[in-house]
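Here's the structure, in structure tokens; my notes come after.
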Amino acid sequence: MVNTGVISGSGNLMDFLDEPFPDVGTYEDFHTIDWLREKSRDTDRHRKITSKSKESIWEFIKSLLDAWSGWAVMLLIGLLAGTLAGVIDLAVDWMTDLKEGICLSAFWYSHEQCCWTSNETTFEDRDKCPLWQKWSELLVNQSEGASAYILNYLMYILWALLFAFLAVSLVRVFAPYACGSGIPEIKTILSGFIIRGYLGKWTLLIKTVTLVLVVSSGLSLGKEGPLVHVACCCGNFFSSLFSKYSKNEGKRREVLSAAAAAGVSVAFGAPIGGVLFSIPSGLFIPSMAVGAMAGRMVGIGVEQLAYHHHDWIIFRNWCRPGADCVTPGLYAM
């Protein structure tokens, strides 16, 4: 059913920001898309572009840009999803250590980063450095004893409660769709169901911030599932920048399927597993599978070359025998 009406007055400002323009032939909320209709529209669009590409050089260039828009969207999704995953990891490390103490030289350093900057830290005592102080040392100048233990325990509990309270408040007030892992809803959306606002920009922002808070609070959950939701939000955002995907819900779900695979890749470092994750949705894209497998094989080959031929100029001073040569970037390949 096509929505050609105006936005209801009962919706709030956040719903309005996530609503698409009503004149592009979108579907109503909580409805299922017509796959045959979307496929027919994309076929007609492709036929028009092909016919116009023979009229002039400019139309030919536009057809090339349209053909390469999918690769551009995938590149942008990978960059943003990987960046957000890295920021989340760093922020979680810092806020988790913040429950135990603080770095005197730079409060935004985690315990490990703080000790890296200390010239008085040895490898054997790498977790102990004068620049890092527990809350009992900072507040009452005591590092041992019952009072220091009780104070550190209370500060740990207070920080954990504060992080959890902030996460719940942000989700409840600003983005209710940011709750949960998001994987069941993502699979529902990939199957053709419409849930307006679930992949919106506001959900992406709140999901990223609260994911850091809840993981740092120590709750019994992880960031792997929510990273799939975050990656799909990135995919929905970038697909809205290209008319090829923004005006066709079927093509948009191809992007979301690849974004879900990217989310699994950044969460577990498993690009092939990400491709297998997207297969049950019914949107298996052979080119994406081939690209993921080829990239994985290249990554394994480079890792083996670096390990067995560490004296080569391109691997010199990077991978030493007995060291862990597999960096996160190489593993993500």
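Take each of the peptides 150-159, 84-93, average the number of other beta-carbon atoms within 10 Å over its residues, and list them starting from the highest.
84-93, 150-159
5 Å is the cut-off here: which amide hydrogens, built 1.01 Å from N in the peptide plane, fall below it relative to Y27, excluding neighbours closer than 5 in sequence?
Long-range HN contacts for Y27: N3.
Tell me the net charge near E254. Cut-off is 13 Å between Cβ atoms, E254 excluded, with +1 for each Lys or Arg and -1 for each Asp or Glu. Show your work: numbers first, answer last.
Values: positive: K39, K244, K251, R252, R253; negative: E38, D42, E249.
After counting each charged neighbour, the total is +2.
Is the shape of region 140-256 rounded, prolate or oblate, going by the alpha carbon gyration tensor and its root eigenvalues a ≥ b ≥ c, with a/c under 1.5 for rounded and a/b larger than b/c for prolate? Each step should come with its number before you reach the end.
Values: a/c = 3.60, a/b = 3.43, b/c = 1.05.
Prolate, since a/c reaches 1.5 and a/b exceeds b/c.
Please sort 31-39, 178-186, 233-241 by packing, taking for each peptide the average over its residues of neighbouring beta carbons within 10 angstrom, highest first.
My ranking of the peptides, most packed first, is 233-241, 178-186, 31-39.
Where a number appears in this text, it was derived from the coordinates with a stated rule and is not lab data. Note that the coordinates shown come from a computational prediction; the quantities given were computed from them, not determined experimentally. Methodologically, a virtual Cβ is constructed for each residue, glycine included, from the backbone with ideal geometry; neighbour enumeration extends over all protein chains shown.
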